[in-house]
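Following: one structure in structure tokens, then a few remarks.
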Amino acid sequence: MKNLLLLHGAMGAQSQFDKLTSKLAPEFNCHSLDFYGHGKSSFQDNFGIEAFARQVKEYMDQYNLKGCDVFGYSMGGYVALFLETTSPGSLGKIMTLGTKFEWAPEGSGKEAAMLDPEKIKEKVPA
């Protein structure tokens, strides 16, 4: 059975893939993890794409997943692409959905302005 690594987006968690994992189970051995500070994973001092990519690499080493295919939603896709760029050959095929590629200062400022802690707590209490 082929391995598939599922990477969630910002403010997401691996549990968001539960239904998808059950549907893919006949064809794929699905893996996922909570990025640091997401879901059930504790916050780490090193927080960001580089830290998440190292976390994915460590997870892949632990479960012998070198060269597995990856589906990344939003930030998860960006993490997968970053990992493959910095460690070529780590991943197989990379599929992304909703991944933002252009981070110009104007766009980044607009995205940052939408990060209202109170609204986030209300919408995503966990």
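Just so it is clear, none of the values below were taken in a lab; they were calculated from the coordinates. From a predicted model like this one, the values you see are computed outputs, not experimental measurements. When we count neighbours, we look across all protein chains shown, and the Cβ atoms used for this are built from the backbone with ideal geometry, even at glycine.
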Principal axis dimensions, largest first and in whole angstrom, of the range 2-101 by Cα: 38, 28, 28
Projected label distance in nm at GLU118 and MET1, using a 7 Å step from Cα toward the beta-carbon: 4.7 nm
Paramagnetic label zone (point 7 Å from Cα along Cα-to-C-beta, MET11; backbone N under 19 Å) in the range 49-82: 49, 73-79
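Tell me which GluC sites (Glu not before Pro) from the range 1-75 have a DSSP coil assignment and no more than 10 other beta carbons within 10 Å of their own. Walk me through the intermediate numbers first.
Values: sites: GLU27, GLU50, GLU58; in loops: GLU27.
For GluC sites (Glu not before Pro) across the range 1-75 that sit outside H, G, I, E and B with at most 10 neighbouring Cβ atoms in 10 Å, the list reads GLU27.
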Pairwise FRET efficiency - GLU102 versus LEU20, Cβ, R0 = 30 Å, nearest 0.05: 0.65
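Kindly flag which residue pairs out of LYS40/LYS66; LYS23/LYS57; LYS2/LYS66; LYS2/LYS23 have an alpha-carbon separation exceeding 18 Å in this structure.
Working: LYS40/LYS66 24 Å; LYS23/LYS57 25 Å; LYS2/LYS66 12 Å; LYS2/LYS23 14 Å.
In this structure, LYS40/LYS66; LYS23/LYS57 exceed 18 Å between Cα atoms.
What FRET efficiency comes out for the pair GLU84/ASN46, r = Cβ-Cβ distance, R0 = 22 Å, nearest 0.05? Kindly include the intermediate steps, with their values, before the conclusion.
Working: r = 20 Å, r/R0 = 0.90.
Working from the Cβ atoms, E equals 0.65.
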